[in-house]
Ligand code: PGA
């Protein structure tokens, strides 16, 4: 049985005071939830949010990490630095990192194992860019980014399927495709390790709202959601968590 995971990706939103106020508002709303919950704020709010959620059930994740533990990499942050803050995981390969900041599958091949080595749970995002059913693109991204992860640790990686072609077009098509694509992602993991494929969690990302989350999270191969816009408001984030 896979525990559902709901992750709020705040992207470049919320000052520290706003992040801490969000935590104070949302934590009581999450008390009865069965899902595992994570929030991924900007780097500046990580420490304050770790403190604001201490002893609670919300884990704090980063939105990126460098693959080296330390070194001459101006402007970068390493996995041991995040662990020192109390950060529990990291989103890797989000489509915005790939599209706007040149993140490559080759870099992810080093980042995913680096995160695992340091004790951070990686959420690896894989996208369909041009069209639905682009199994070739999903296969290439998974093969490359997971190449450095030994089979015994594959299930510790969380995968997030994001159909970029559907974002902004309404979520009905995405819902229909989400099960098919998630099953494909699971099958691709199964080519490396059938046992890992059973255990690995696959999130759906893109236009997840309180209205669409019930249908999405009921799909057999969808084990949670990666939520951006709808995670910025405590009531809507809590409603999505409640649907899981
Ligand atoms: P959204 O973003 O939830 O605002 O559609 C998804 C994403 O960019 O990961």
(message) Quick check on segment 1-90: what are the equivalent-ellipsoid semi-axes from the Cα gyration tensor, as sqrt(5λ), descending, whole Å?
(response) 24, 16, 11
(request) Report the full-extension gain for the segment residue 100 to residue 68: residue separation times 0.36 nm, less the Cα-Cα distance, to one decimal in nm. (result) 9.4 nm
(message) I'd like to know how segment 145-244 sits against the 2.2 N^0.38 Å rule of thumb: what's its Cα Rg over that expected value?
(response) 1.10
(message) If packing is taken as the average number of other Cβ atoms within 10 Å across a peptide's residues, how do 43-53, 17-27, 203-213 rank, most packed first?
(response) 203-213, 43-53, 17-27
(message) Based on the alpha carbons, how large is the Rg to Rh ratio for the chain when Rh follows Kirkwood?
(response) 0.94
(message) Could you sort the peptides 232-239, 5-12 by per-residue average Cβ neighbour count (10 Å cutoff), highest mean leading?
(response) 5-12, 232-239
(request) Would you mind computing the Rg to Rh ratio of segment 103-162 from its alpha-carbon coordinates, Kirkwood style for Rh? (result) 0.97
(message) How many angstrom lie between the Cα centre of segment 12-42 and the Cα centre of segment 179-216?
(response) 24
(message) Applying a 10 Å radius around every beta-carbon, put 151-162, 97-108 in order of their mean neighbour count, most first.
(response) 151-162, 97-108
(message) Run lengths n ≥ 4 of DSSP H only: what is the helix-derived mean residue ellipticity at 222 nm for the chain, with -39500 (n - 2.57) per run over all residues, to the nearest 500?
(response) -13500 deg cm²/dmol
(request) Provide 139, 34, 117, 177 in ascending order of the number of other Cβ atoms located within 10 Å of each residue's Cβ, fewest first. (result) 34, 117, 139, 177
(message) Starting from 0.36 nm per residue, how many nanometres of slack lie between residue 179 and residue 83 once their C-alpha separation is accounted for?
(response) 31.2 nm
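Rule-based calculations on the coordinates, nothing more; no lab input. As the structure is a prediction and not an experimental result, all values here were calculated from the model. Glycine gets a Cβ as well: all are built from the backbone with ideal geometry, and neighbour counts include every protein chain shown.
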